[in-house]
Every structure is written in structure tokens, then in C-alpha cells.
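A quick write-up on the structure given underneath.
The values are calculated or read from the model by the stated rules, or taken from the named source; none is laboratory data. Because the structure is predicted, anything quoted here is derived from the model rather than measured. Virtual Cβ from ideal backbone geometry, glycine too; neighbours counted across all protein chains shown. For the accessible areas, the whole protein counts, side chains as well, though only heavy atoms, and no ligand, DNA or RNA atoms are used. Shrake-Rupley method; radii C 1.70, N 1.55, O 1.52, S 1.80 Å.
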Amino acid sequence: MARFDCYLGGIPALLASLSYVPQVREAWPRGSTEDLSLFMLWALTLGLGFWIVYAVIRLDDRRRERD
């Protein structure tokens, strides 16, 4: 089960990161970011940042358990 939970956390992180792509794809050709929701971008970035911190802490805890 230990190997499965790595994918269970990694896949959603990848999908959440890719959620920026459609917004950038719409804004880039227009040269305008008026249609983008800054709150959504801010909230998603903050959430992903916390997710990365959580993953690093969890990885460190696992390494300590093995030692």
C-alpha cells in the first residue's frame, strides 16, 4: 500500500498543476489576462504550495521511520 499512496498524492498534484494550462492558452494569444480569475490562480498556487510542503514533511517522516 505504501507505493500506491505516492501515486494517489502525486496524480492529483499533477492534475491541479495542469489546471493552469487552459487559462494560459486562452490568455496568451489575446495578450490579455482580463478574463482570468486572479483569486482562482492565487488560491490554486497557495494550495499547491502547501501540498508540496506537506509532501516533503511526509517524505521526511517516512525516511525517519525506516532508520
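Observations on the model:
- Protein heavy-atom surface of the chain, 1.4 angstrom probe: 67% of the accessible area is carbon and sulfur, with nucleic acids and ligands not counted.
- Per residue accessible area in Å² of the chain, where ligands, DNA and RNA are left out and the probe is 1.4 Å: 89
- Ellipticity estimate at 222 nm from DSSP helix runs (n ≥ 4, -39,500 (n - 2.57)) divided over the chain, nearest 500: -29000 deg cm²/dmol
- Relative packing of peptides 28-34, 39-45 - highest average C-beta neighbours within 10 Å first: 39-45, 28-34
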